[in-house]
1. Within segment 58-83, take every residue that is polar (S, T, N, Q) and either over 23 Å from Asn2 (Cα atoms) or touching a Leu at 6+ places or on another chain (Cβ under 8 Å) (or both) and give me the one that is surrounded by the fewest Cβ atoms within 10 Å (Cβ to Cβ).
2. Across segment 71-94, what is the number of residues that are more than 11 Å from the chain's Cα centre (by Cα) and aliphatic (A, V, I, L, M)?
3. Given the options Phe48, Phe52, Phe29, name the one that is surrounded by 13 or more Cβ atoms within 10 Å (Cβ to Cβ), assigned to a helix (DSSP H, G or I) and under 11 Å from the mean Cα position of the chain (by Cα).
4. Collect the residues in segment 7-26 that are over 14 Å from Ser81 (Cβ atoms) and not in a loop (DSSP other than H, G, I, E, B), keeping them in residue-number order.
5. Within segment 83-92, does at least one residue satisfy the condition of being of a type in the set (Gly, Ala, Ser) and either in a helix (DSSP H, G or I) or at pLDDT below 90 (or both)?
6. Would you pick out the residues in segment 6-23 that are loosely packed, with under 14 Cβ neighbours inside 10 Å and under 23 Å from Asp57 (Cα atoms)?
7. Val86 fails exactly one of the following numbered conditions: (1) within 10 Å of Ile6 (Cβ to Cβ); (2) surrounded by 12 or more Cβ atoms within 10 Å (Cβ to Cβ). What is the number of that condition?
Amino acid sequence: MNLITIAFEVKKEDQPAFIAMVGGLGDFFEKQGFTVSLFCDANRKTRFLQTFLTDKDTDQFVRIIQNQPSIRGMFEKIKESGSRVVVSVMHQVV
């Protein structure tokens, strides 16, 4: 099992549209074999963490991002926010 996390900031005024976009992509990711969650920092309200739990490998995840315009759009929104994006990939050991 792999856990991919993406930490980023989204401006307060952009959050409703961004959250709706991510919510709308949940079914797509599920069909691709990913369980997706989005978390907002309870203290720093502009900080988000998106998680992807999957048996797929990182290359498959990257291909989905590159080949799906709606997914690229999600990452473009993050980029437009001027946010630094931190990606982590973890492999389950127990």
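1. The qualifying residue surrounded by the fewest Cβ atoms within 10 Å (Cβ to Cβ) is Ser70.
2. Going through segment 71-94 one residue at a time, the tally reaches 4.
3. Phe29
4. Matches in segment 7-26: Ala20, Gly23, Gly24, Gly26.
5. yes
6. Gly23
7. Result: Val86 fails condition (2) only.
The values are calculated or read from the model by the stated rules, or taken from the named source; none is laboratory data. Treat the numbers as computed from the prediction; the structure is a model and nothing was measured. Cβ sites come from the backbone with ideal geometry, for glycine too, and all protein chains shown count toward neighbours.
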